[in-house]
Amino acid sequence: MGTPLTPYNSGESKKEQVATMFNNVAGTYDFLNHFFSVGIDKLWRRKLVKLIGKTKPKRILDVATGTADLAIAETKLHPEQIIGIDISEKMLEIGKTKTRHLPNIQLQVGDSENIQFAENTFDAVSVSFGVRNFENVNIGLKEMRRVLKPGGKVFILEFSKPNNWLIQKLYYFYFCNVLPFIGKLVSKDARAYTYLPESVRIFPDGKKFVELLQYAGYKNIECIPLTFGISTIYIAEK
Ligand SMILES: C[S@@+](CC[C@H](N)C(=O)[O-])C[C@H]1O[C@@H](n2cnc3c(N)ncnc32)[C@H](O)[C@@H]1O
């Protein structure tokens with residue numbers, strides 16, 4: 001995929017820079033997330049959880065869990081255990097505060113490209129708005145497959161590019177102008193909100209992402225576009 005897009009030009013690895021960026025924005029992340037998407041991100045996560053529920057998972061791994069919004073939504077499925085991992089300690093700190101009263105959620109520092117669990121451990125692996133930030137997407141996808149039980153599924157929610165011409169124009173205007181402007185005012189890291197549209201623009205979506213899942217060894221892959229294709233859910237089986 002060539003040289004990865006990084007948040008800063010600090011010379012550190014993409015992973016270190018991404019962790020720094022999310023540590024910087026952690027305090028305002030939830031507010032800006034819901035504000036920018038006018039709450040639609042919650043509907044997308046809810047839809048994802050509904051689809052996960054069809055497989056009746058007992059153990060779920062939520063990769064790149066951040067402030068744990070998806071892990072919290074997954075408690076509705078009453079699994080025995082939800083483990084959330086992330087490389088950003090500050091995002092996890094906020095997640096831990098939000099999940100204090102939820103004993104079946106455990107949050108811990110962990111890297112999607114070197115997952116600290118044995119193979120065949122989880123019934124489902126989920127990741128929302130995380131894969132785009134991985135340093136090496138192929139390694140991340142393979143690692144998530146490794147820790148899935150045979151027949152287990154990965155559920156991925158990620159931004160994609162809308163197909164409709166008019167929606168595309170409106171979307172890029174909003175994403176490349178409005179969002180960085182407000183992001184700069186509210187968060188402590190102006191770059192985070194210019195990196196976001198840039199990373200979405202270059203990240204493989206639709207068919208191209210399905211190919212990445214195939215390459216990582218998954219089968220029975222589904223691709224479900226949401227809200228004019230602004231986001232997409234991918235489901236793939238080990
Ligand atoms: C946009 S946030 C998404 C957080 C959460 N899943 C949500 O839906 O709001 C992306 C998260 O991915 C995490 N991340 C990026 N690369 C990672 C990696 N290699 N392993 C684990 N987490 C990673 C970041 O630290 C950040 O918390």
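Yes or no, residue by residue, for (1) within 9 Å of the ligand (Cβ to nearest atom); (2) more than 23 Å from GLU93 (Cα to Cα); (3) out of contact with any Leu (no Cβ under 9 Å at 6 or more places or on another chain):
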position	(1), (2), (3)
THR6	no, yes, yes
GLU12	no, yes, yes
LYS15	yes, no, yes
ASN33	yes, no, yes
PHE36	no, no, no
GLY39	no, no, yes
LEU51	no, yes, yes
THR65	yes, no, no
Notebook entry, point to check: Does at least one position in the range 8-19 carry a residue that is without any contact (Cβ under 8 Å) to a residue 24 or more places away in the chain, closer than 22 Å to GLU143 by Cα and not basic (Lys, Arg)?
Noted result: yes
Notebook entry, point to check: With ALA192, ALA236 as the choices, which residue is touching a residue at least 24 places away in the same chain (Cβ under 8 Å), closer than 24 Å to GLN17 by Cβ, crowded, with 20+ Cβ neighbours inside 10 Å and not polar (S, T, N, Q)?
Noted result: ALA192
Check: Is one or more of the residues making up the range 87-94 more than 15 Å from the chain's Cα centre (by Cα), in contact (Cβ under 8 Å) with a residue 60 or more places away in the chain, surrounded by 14 or more Cβ atoms within 10 Å (Cβ to Cβ) and not in a helix (DSSP H, G or I)?
Finding: no
Check: in a helix (DSSP H, G or I) and either away from the ligand (no atom under 13 Å from the Cβ) or surrounded by fewer than 20 Cβ atoms within 10 Å (Cβ to Cβ) (or both) - does that describe any residue in the range 101-110?
Finding: no
Margin query: Every residue in the range 188-219 that is closer than 15 Å to PRO4 by Cβ, outside any helix (DSSP H, G or I) and aromatic (Phe, Trp, Tyr), please.
Written below: PHE203
Next item on the list: Considering (1) out of contact with any helix residue (DSSP H, G or I) (no Cβ under 8 Å at 6 or more places or on another chain); (2) of a type outside the set (A, V, I, L, M, F, W, C); (3) more than 13 Å from the ligand (Cβ to nearest atom), say which one ASN136 fails and leave the rest.
Entry: (3)
Checklist line | Given (1) among the charged types (D, E, K, R); (2) in contact with a strand residue (DSSP E or B) (Cβ under 7 Å, 6 or more places away or on another chain); (3) under 16 Å from VAL154 (Cα atoms), number of the condition LYS142 does not satisfy | finding: (2)
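Bear in mind these aren't lab numbers, they're just calculated from the coordinates by the rules spelled out. Fair warning: this is a prediction, and the values are worked out from it, not measured in the lab. Note that we place each Cβ from the backbone using ideal geometry, even for glycine, and neighbour counts take in every protein chain shown.
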